[in-house]
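Computed from the coordinates by the stated procedures, all read-outs in this text should not be read as laboratory data. Just so it is clear, the model here is predicted, and its values are computed rather than measured. When we count neighbours, we look across all protein chains shown, and the Cβ atoms used for this are built from the backbone with ideal geometry, even at glycine.
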Amino acid sequence: MQATVATTTLTGVEAIAVEVQADVSPGLPVFGIVGLADTAVQEARDRVRAALRSVGFDFPNARVIVNLAPAPLRKHGTGFDLPIALAVLAATGQVPRAALDDVTAVGELGLDGSVREIPGMLAHAISAARADRDLLGPFSAGRMVGVVPQLRYRGIESLARMKGGLPATASPKASRVQTPAIPILDVADIAGHESAKRGLEIAAAGRHNLLLVGPPGSGKSMLARALCGLLPPLTEAESLESALVHSVAGLDPRQCLDGIRPFRAPHHSCSVAGLVGGGTPPRPGEMSLAHNGVLFLDELPEFGPASLQALRQPIEEGVITLVRAHGAVRYPARVTLAAAMNPCPCGYAGDPQRECRCTDGAVARYSARVGGPLYDRMDLTLRIDRVDPALIIDDAPVTPMSETVRSRITTAHAFAGTRHPCSMRSQLQPDARALLEDAARHANLSGRAVTRVVRVARTIADLEQSVPIVVSHVAEALGYRSWDTA
Amino acid sequence: MDRSEVGKRGEDAAAAYLERQGLDVVERNWRTERGEIDIIALDGEDLVFCEVKTRTSASRGTGEEAVSQSKRRKLVRMAEIYLSSAGIEPCPVRFDVIAIHVLGPDRALLRHHRAAFVVE
């Protein structure tokens, strides 16, 4: 007797359809799984056998062969437990075969027959909704997958539930709790740093990459954290994208679903695979987990050179493609990159009061660890100076509240959405254009740098709700590229 | 009583037990050049290959423990030979283990493990 149950398996952030075919025939009692299954899938044999018995189904005393088609695709993980169990049950007539025709099943089994969540439930749900099939999975995931439009979800706590036929579809409606994102750190709580706050505002309004350079303890990390609080909450589509990456990585996607922008701050000992993704099976890295949010790299030069250079291509493209011998996977990685570093090993180069003790060579070597191509991708370089101690002691807020700043950013976003989407270059006023050309020639700016300056100038104009880009916008934008122009 | 005699009496007891359970013993000590199967029996539709282990003391572990992976593999290979020999219709197959712990001259404990293992 044969039976087939549909399931899906993860490749990148997508779930691909896989057919679980079971053949039960008389002969030596074998339970074999074929079709490029990894160790976790092979272990399904023991879980399925125990689960079936403990909820009172019979495991056939026969030759049971399970094939996972398409066979050339590598199968990872424990999500195959439930479909394998169902295929065996259908092949032995313990569950009616017709009941499983329009169902895609995913879930891990416990030895007691309980159905458990697996990483990537959102990806499986999206795939099932797209294929217009019911998704049968762990009951506990029901609330979370409820955010996927047009999904019919059938949740079960235990395999025992299958004795009464298929459970009813539940359409748990979108559980998006629109809590206003509580900023990790409010800009209003930061004393001083007025020019840096202006830089943060521009970075947040235009999603520009940001490099903070300053002596130790001057507030670089604090400012970077405040950046996340300035960004408007995730849109519905963005929150699903970000939640999908978290789900695939086996992390809790609820914060993303609630509209809170991801903020990821990996330690500088982070490996290349940890930063951009990798491993077997491939897993998204920190950069993808920060998709639609902020990736904060503190102590930038301390990161391994391989890790840093791996960032270059995804910064430009907003997506990471990991190519392996058996195929390529893509993870989204549209991040606002915020990086912080000291100007030199001792940290005081350029400090007006304190003398730097580093040799010129040491300073050059330190800065070279980051490398020109990465500096080139930083839209705003902000020099962070030590704040006057009196300001910190008195704790005097002299800056606009973050609410005000955020509303300016939201207005700028809305304005950018409505203004005529013609080429940015045509919005450059003649004198602004002349200034840019002059500066670019003088500082030997790269093509990319020029484009990025125009984009920053565009954002500054958006903050003023001005369609033309005037000379003051370009001048300010150029000022943030101190790296090139210094 | 020497070791082979203990084994022989254990197998007799196991065969008698299986008959009492309603099974038809079709072969005893079925031999190939790879070794022998202690008991082959019919349980309704099912063909049962049964390995019997008899222990007089626990010093070498229980009888079940003695059915190691290599022993199981050997049994499976012999079962394949038996099934491919003439006149055997395809049928459900089972591997049982019977462990007998001898307590006294006429007293023993018998444990019957139905479907004790499957082909790996």
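For the reader, a short list of remarks on this structure follows.
- Cβ-derived FRET efficiency at R0 25 Å, A:Arg330 paired with A:Thr169, nearest 0.05: 0.20
- Neighbouring partner chain Cβ atoms per residue of A:20-30, average, 10 Å criterion: 4
- Peptide-level mean, for B:114-120, of C-beta atoms on other protein chains within 10 Å: 4
- Residues with amide H under 5 Å from that of A:Leu297, placed H, sequence gap 5 or more: A:Ala338, A:Ala339, A:Ala340
- Computed from backbone phi with θ = phi - 60° and the Karplus coefficients 6.51, -1.76 and 1.60, the 3J(HN,Hα) list for segment A:258-266 is 7, x, 7, 5, x, 10, 10, 10, x Hz; x is used for glycine and proline.
- Rounded to the nearest 20 debye, the dipole size of the protein assembly as shown about its Cα centre is 440 debye, using +1 on the Cβ of Lys and Arg and -1 on the Cβ of Asp and Glu.
- Rounded to whole numbers, the Karplus 3J(HN,Hα) couplings from phi for segment A:213-229 are 10, x, x, x, x, 8, x, 5, 5, 4, 5, 4, 5, 5, 4, 4, x Hz, using 6.51 cos²θ - 1.76 cosθ + 1.60 with θ = phi - 60°, and x at Gly and Pro.
- Relative contact order of chain A, taken over Cα pairs closer than 8 Å and 6 or more residues apart, is 13 percent.
- Here's the picture: charge each Lys and Arg Cβ at +1 and each Asp and Glu Cβ at -1 in chain A, and of A:Pro352, A:Pro281, A:Pro389 the one pushed furthest to the positive end of that dipole is A:Pro281.
- Segment A:1-74: relative contact order as a whole-number percent, Cα under 8 Å and 6+ apart: 40
- Percentage, to the nearest whole number, of Cα pairs in segment A:324-374 over 18 Å apart: 54
- Around the amide H of A:Leu185, modelled in the peptide plane, lie the amide H atoms of A:Gly229, all under 5 Å away and 5 or more residues distant in sequence or on another chain.
- When the P(r) of segment A:3-50 is calculated, the portion above 14 Å amounts to 63% of the C-alpha pairs.
- Theoretical ellipticity at 222 nm over chain A - DSSP helices of four or more residues, -39500 (n - 2.57) apiece, nearest 500: -10500 deg cm²/dmol
- Distance from segment A:290-353 to segment A:48-103 (C-alpha centre basis), Å: 44
- Segment A:298-447: C-alpha gyration tensor shape, a/c 1.5 cut-off, then a/b vs b/c: rounded
- For segment A:195-332: rounded, prolate or oblate by the Cα gyration tensor [a/c cutoff 1.5]: oblate
- Think of chain B as having a plus end and a minus end, set by charges on the Cβ of Lys, Arg, Asp and Glu; of B:Pro90, B:Ala108, B:Ala41, B:Ala108 sits farthest toward the positive end of this dipole.
- The convex hull drawn around the Cα atoms of the protein assembly as shown, when projected onto a plane and averaged over every direction, covers 38.9 nm².
- From phi via Karplus (6.51, -1.76, 1.60), per-residue ³J(HN,Hα) for segment A:309-322 in Hz, x at Gly/Pro: 6, 5, 6, 4, 5, x, 4, 6, 9, x, 8, 10, 10, 9
- Counting every other Cβ atom within 10 Å of each residue's Cβ, A:Ser446, A:Ser127 order from fewest to most as A:Ser446, A:Ser127.
- By average C-beta atoms within 10 angstrom, highest first, the peptides A:284-294, A:384-394: A:284-294, A:384-394
- Listed by chain and number, the lysines placed with their C-alpha closer than 20 angstrom to that of A:Lys220 are A:Lys197; residues fewer than eight positions away on the same chain are left out.
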